[in-house]
1. About its Cα centre, what dipole magnitude does region 204-309 give when the only charges are +1 on Lys and Arg Cβ and -1 on Asp and Glu Cβ, stated in debye to the nearest 20?
2. Quick one: of Lys166/Lys445; Lys361/Lys445; Lys166/Lys383, which pairs are farther than 26 Å apart, Cα to Cα?
3. Please report the carbon-and-sulfur percent of the accessible area for region 229-338; probe 1.4 Å, protein heavy atoms only, DNA, RNA and ligands left out.
4. Tell me which residues come under 5 Å, amide H to amide H, from Leu36 once H is placed; ignore anything under 5 positions away on its chain.
5. Please give, to one decimal in nm, the separation of the simple spin-label points placed at Ala414 and Lys361, each 7 Å out from Cα toward the Cβ.
6. Tell me, what is the 1.4 Å probe accessible area of Glu58, in Å² to the nearest 10?
7. Could you order peptides 317-327, 362-372 by the average number of other Cβ atoms within 10 Å of their residues, highest first?
8. Please list Ser187, Ser357 from largest to smallest accessible area, probe radius 1.4 Å, with all protein chains kept in place.
Amino acid sequence: MKFACEFLKRDTSKAAPAMPAPARFPLLRREGGAALFQSPHGVVRASAFLAAATRLAERLPAAGAVYNRCEDRLSFALGFAAAMIAGCRSDLASDRLAPPPSDARLWLADKGAADPAACVIDAPALLAAGARDGAPDGIDPAFPPTHLAARAATSGSTGRPLTHDKSWGSLFTRSLAAAERFGFGPSPVSLVGTVPPQHMYGFETTVLLAFHAPVVSWCGPAFFPHDIAAALHAMPPPRVLVTTPLQIRALLEAGLTLPALALVISATAPLDRDLAARAEQGWQTCVAEIFGATEAGSIATRRTTEHEIWEVYPGLGLVAGADGVVSVTAPFAPEVPLADELALIGGTSFRLLGRRSDVVKLAGNRVSLASLTRVLTAISGVKDGVFVAPRDLDADPKARLLAFAVAPGETPEAILAALRREIAPIFLPRRVVIVPSLPRNSFGKLNAEALAALAAGAR
């Protein structure tokens, strides 16, 4: 089995030959007895999962939207599968501040999403009933590639959350591309994900990979360091940890003993190379990053400690447009322009320059806030941090950046002195504000509204 240490070294210069698109793609690409998910209560196999999804589908409307507010990963997967069987679209929220079911319509209206026809919540009893009865006739339903399977919402990191439609063909083919990239197969892989399934990263890796590759996905608690360690110990090797830079840092600082890890996958925020190196050395594994966006899904990967070059997923393409905008092309998906600046290297590789809206200009000099934040969070004693640009930065020549740091025991003066050694004076923050925590959502994201409120509070 090849993992991240190997797949990035293979020859990607030759694109795979185009294959005729099938008329329908199956919901599951697994045998009836294959294990899909594992929880503290046991293993859920494909036949039981299909039976439970079919039962739930009978209680859903024949069409329309289904708001999936399940917090449990297994229930979320069950709700998504049931919506597919019923011919519905699953609406995935940009966060998990889920209301009671009676308030779902109002809550979604406030978020700018479509009014749902139904709302699904955690349903372990229904899954238990399906497990007893088995799948009806062992039928794995299949759907046309154009079927509208999901509507995903962005985190709002660059403004108001926006929604993006996902066809079943785009989700299915991207899932197969991920399995190929990470070398999952033919032997089963145990996957522990710390990211909620409502997030596209968590949805693609911890739900769809279990549908379409020999992956068994953990469905118990896995957010805090002790929960993550316990989940990994509960799963057989080879183990893959799907997580975020924030949780990698927390897990390393907890100093817990982890079982052998075949691979660690990180996304949702840039991963510092030194942090990746600490994880590889401490856990004797390889750390790979996924670059992606809600509007386009997972796009590319790299091994962080090796180089800065990203390799695009099989079947995807990059198109350079006007003003440096790069768009992603993928099977059964519209061409999507990216909010990030990329320097293309051939047709399958690129260097990430930063988010276009993230670049600030002071006294004729340009820098990305993300690069400044990486300098801040690399300072000893800083557990988390962010640089923020005031809204009047372009209009007010006296305006300057702000920096917020989660740094117990450190002083603003010490952090500012460390920053002074690393960045140009014009980009030094006017103030370093020590805070107990940053207002990250359940996916580890800082959205634009939260950052604006943070800056306003500092002023």
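The values are calculated or read from the model by the stated rules, or taken from the named source; none is laboratory data. On a predicted model such as this, the values are computed, not experimentally measured, just so you know. Virtual Cβ from ideal backbone geometry, glycine too; neighbours counted across all protein chains shown. Just the protein is used for accessible areas: all its heavy atoms, side chains included, with ligands, DNA and RNA removed. Shrake-Rupley method; radii C 1.70, N 1.55, O 1.52, S 1.80 Å.
1. 220
2. Lys166/Lys383
3. That share works out to 53 percent.
4. Val44, Arg45, Ala46
5. 3.9
6. The value for Glu58 is about 140 Å².
7. Result, highest mean first: 362-372, 317-327.
8. Ranked from most to least accessible, the order is Ser357, Ser187.
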